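Everything on this sheet refers to the single structure shown next.
The values are calculated or read from the model by the stated rules, or taken from the named source; none is laboratory data. In this text the structure is predicted, and so the values were computed from the model without any measurement. Here the Cβ is made from the backbone with ideal geometry for all residues, glycine too, and neighbour counts use every protein chain on show. Each accessible area value is taken on the protein alone, full model and side chains, heavy atoms only, with ligands, DNA and RNA left out. Shrake-Rupley method; radii C 1.70, N 1.55, O 1.52, S 1.80 Å.
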Amino acid sequence: LRPAFGRRPAPVWALPLAASLALAVGLGAGFMARGPAPGAPAAGFDSAAVQDALGRLATGESAATDAGALRVVSSFRDGADALCREAELMPAGRDGALGVLCRGDGGQWRPELVLRQPAAGGALSAASGLGALDAFLADIGAGAPLDPAAEAAALAE
């Protein structure tokens, strides 16, 4: 078959490029939607002391745990109405983690997203993870941060 008059055929590389981009986006979205794989390292968030602290600390509060210094950044409800918390865990002298954890039926805080947080600077940059965090929060339908009274009521549930 010949192309219609005045129309050029698509370049040979266009279809493989489009397929590669679709695969990359699909894999990335699939990883973010499913959370960490079972048995994946939780960066210390699975420690009993961290689990306990996540259930009692208010936003902005910190506690020393066996896994490192824990600071609760925010509390919110996801699209399924589960209580979720964003928290930082910084072990002494090592890279830490920024995690989004949601409370499951048994009261355990499940790591849904864990990002490495450099020990030296102590803060994520947009290139190293804040964009991924924002995309993840949008994907799970994260609501606005809870005010102190709503947070206290949610933690008491």
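Here is a list: P11, P3, P16, P38. Which entry is in contact with a Pro (Cβ under 9 Å, 6 or more places away or on another chain), open to solvent by 50 Å² or more (accessible area, probe 1.4 Å) and at pLDDT below 95?
Working: P11 fails: in contact with a Pro (Cβ under 9 Å, 6 or more places away or on another chain); P16 fails: in contact with a Pro (Cβ under 9 Å, 6 or more places away or on another chain); P38 fails: in contact with a Pro (Cβ under 9 Å, 6 or more places away or on another chain).
Of P11, P3, P16, P38, the one residue that is in contact with a Pro (Cβ under 9 Å, 6 or more places away or on another chain), open to solvent by 50 Å² or more (accessible area, probe 1.4 Å) and at pLDDT below 95 is P3.
Count, please, the residues in region 75-93 that happen to be in a strand (DSSP E or B), at pLDDT below 95 and open to solvent by 40 Å² or more (accessible area, probe 1.4 Å).
1
Run down A58, A29, A43 and say which single residue is in contact with a strand residue (DSSP E or B) (Cβ under 6 Å, 6 or more places away or on another chain) and either assigned to a loop (DSSP other than H, G, I, E, B) or at pLDDT below 65 (or both).
Residue meeting the stated conditions: A43.
Which of the following residues is open to solvent by 10 Å² or more (accessible area, probe 1.4 Å) and either within 22 Å of A150 (Cα to Cα) or of a type outside the set (D, E, K, R) (or both): V100, V114, V50, V72?
Details: V100 fails: open to solvent by 10 Å² or more (accessible area, probe 1.4 Å); V50 fails: open to solvent by 10 Å² or more (accessible area, probe 1.4 Å); V72 fails: open to solvent by 10 Å² or more (accessible area, probe 1.4 Å).
Going through V100, V114, V50, V72 in turn, just one is open to solvent by 10 Å² or more (accessible area, probe 1.4 Å) and either within 22 Å of A150 (Cα to Cα) or of a type outside the set (D, E, K, R) (or both): V114.
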